[in-house]
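Working notes for the structure below.
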Ligand code: AMP
């Protein structure tokens, strides 16, 4: 496995592989790799001739006062885990090369990006869409795998690829959870012992919603009301949003459920903001 930090070297190599007719798989990450990330490697490892995983804590997708400085960085372990799972190249560019002095271009998606996480984190998706466009141009992937954990990010990036005719296909990997149901996330490392327990309220809320639906409830407000009560019962939990949306368009479903209803949660556990989702 090779580690590449130079943008020029990575791009030249990707273009060479493409000329040779090789199929390139790509997994964009911010590192601190866990089973969620590695499951995305598994999705592409067989069909890709060359598998590239990027590790880049992208400053432009963090808002002011967010956790850019604190974000966990575990490069050595990430290298070992990637190698063991079949990654061929780790691309780990430096921020000052990705955003050279005078960088002034931004790509933005202006519909799906404005709600849910985009409302609480106003420039977040502009940062995501711009960095992914750069990474796609540098790494030239045929296949990209993304996690359903970040369902809105999947919808936004699918829109980017479709709207701008970027020649790659997106595969979506299911949410990988800890044994007790908590969705794996690099940010779980911020939780102390008690917060870790309280964070289970997110997966419990998903289960509660599913059981309400299974017992015949199809009114979105009734489901949201019950979840509101559950979140209130955990003192350190503060809801950012609880919404039911169409899984493709992320349009809010204000009345009744449809076939594509996706429950989306963003909840603060004290100072740690966690997200999760489940198809209802
Ligand atoms: P991140 O490093 O948080 O930017 O995530 C990189 C990729 O891993 C994104 O496509 C995430 O959706 C995906 N991912 C993160 N957590 C999980 C998880 N628990 N299960 C599946 N995929 C995940």
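Read-outs throughout are calculated quantities, based only on the coordinates presented, and are distinct from any laboratory measurement. Owing to the predicted nature of the structure, the values given are computational and were not obtained by experimental measurement. Cβ sites come from the backbone with ideal geometry, for glycine too, and all protein chains shown count toward neighbours.
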TODO: Taking the convex hull of the Cα atoms, report for the stretch 220-271 its projected area averaged over all directions, in nm².
DONE: 3.7 nm²
Open item on the list: Taking every DSSP beta bridge with both residues inside the stretch 51-195, roughly what % is antiparallel (nearest 5)?
Closed with: 10 percent
Open item on the list: Students often get this wrong: which residues of the stretch 144-162 have the backbone nitrogen under 18 Å from the point 7 angstrom along Cα-to-C-beta of residue 241?
Closed with: 148-160
- [ ] Any chance you could give the angle, 0 to 90 degrees and rounded to 10, that helix 75-85 forms with the longest Cα principal axis of the chain?
- [x] 90 degrees
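Cα-Cα pairs above 17 Å in the stretch 169-208: how many percent?
Values: 258 of 780 pairs.
Percentage above 17 Å: 33.
Per-residue ellipticity at 222 nm for the chain, helices alone: DSSP H runs ≥ 4 residues times -39500 (n - 2.57), over residue total, nearest 500 deg cm²/dmol?
-11500 deg cm²/dmol, from helical runs alone.
On alpha carbon coordinates alone, what is the Rg over Rh value for the stretch 1-104, Rh being the Kirkwood radius?
Numbers: Rg = 14.4 Å, Rh = 14.6 Å.
A ratio of 0.99.
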Open item on the list: Restricting to Cα atoms and excluding each atom paired with itself, what does the Kirkwood estimate give for the stretch 30-82 in Å?
Closed with: 12.5 Å
Task: Crossing angle, helix 200-214 versus the chain [Cα axis fit, 0-90 degrees, rounded to tens] - done: 70 degrees
TODO: Give me the distance between the Cα centres of the stretch 79-138 and the stretch 257-280, rounded to whole Å.
DONE: 22 Å
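For residue 18 and residue 45 in one chain, what is 0.36 nm times their gap in residues minus the Cα-Cα distance, to one decimal in nm? Display every interim value, and only then the final one.
Details: separation 27, 0.36 × 27 = 9.72 nm, distance 1.69 nm.
Net length gain for the segment: 8.0 nm.
Determine the shape class of the stretch 2-173: with a ≥ b ≥ c the square roots of the Cα gyration tensor eigenvalues, call it rounded for a/c under 1.5, and otherwise prolate if a/b is greater than b/c, oblate otherwise.
Judged from the Cα gyration tensor, the stretch 2-173 comes out rounded (a/c under 1.5).
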Open item on the list: Going by average Cβ density within 10 Å per residue, which order do the peptides 230-236, 15-21 take, highest to lowest?
Closed with: 230-236, 15-21
- [ ] Per residue, how big is the convex hull around the C-alpha atoms of the stretch 73-142? Give it to me in cubic angstrom, could you?
- [x] 147 Å³
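In percent, what relative contact order does the chain have, based on Cα pairs under 8 Å that are 6 or more apart in sequence?
Numbers: 485 pairs, mean separation 49.7, N = 280.
Contact order relative to length: 18 percent.
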TODO: Please give the length that would be gained between residue 164 and residue 254 if that part of the chain were fully extended, namely 0.36 nm times their separation in residues minus their C-alpha to C-alpha distance (nm, one decimal).
DONE: 29.3 nm
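When the Kirkwood radius is taken over all Cα pairs of the stretch 186-279, what Stokes-Einstein diffusion coefficient follows at 10 °C and 1.306 mPa s, in µm²/s? Write down the numbers at each step before the final one.
Working: Rh = 13.5 Å.
Using the Kirkwood radius from Cα pairs, D works out to 117 µm²/s.
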- [ ] Would you mind checking the tilt of helix 151-163 against the longest principal axis of the Cα atoms of the chain, expressed as 0 to 90 degrees and rounded to 10?
- [x] 50 degrees
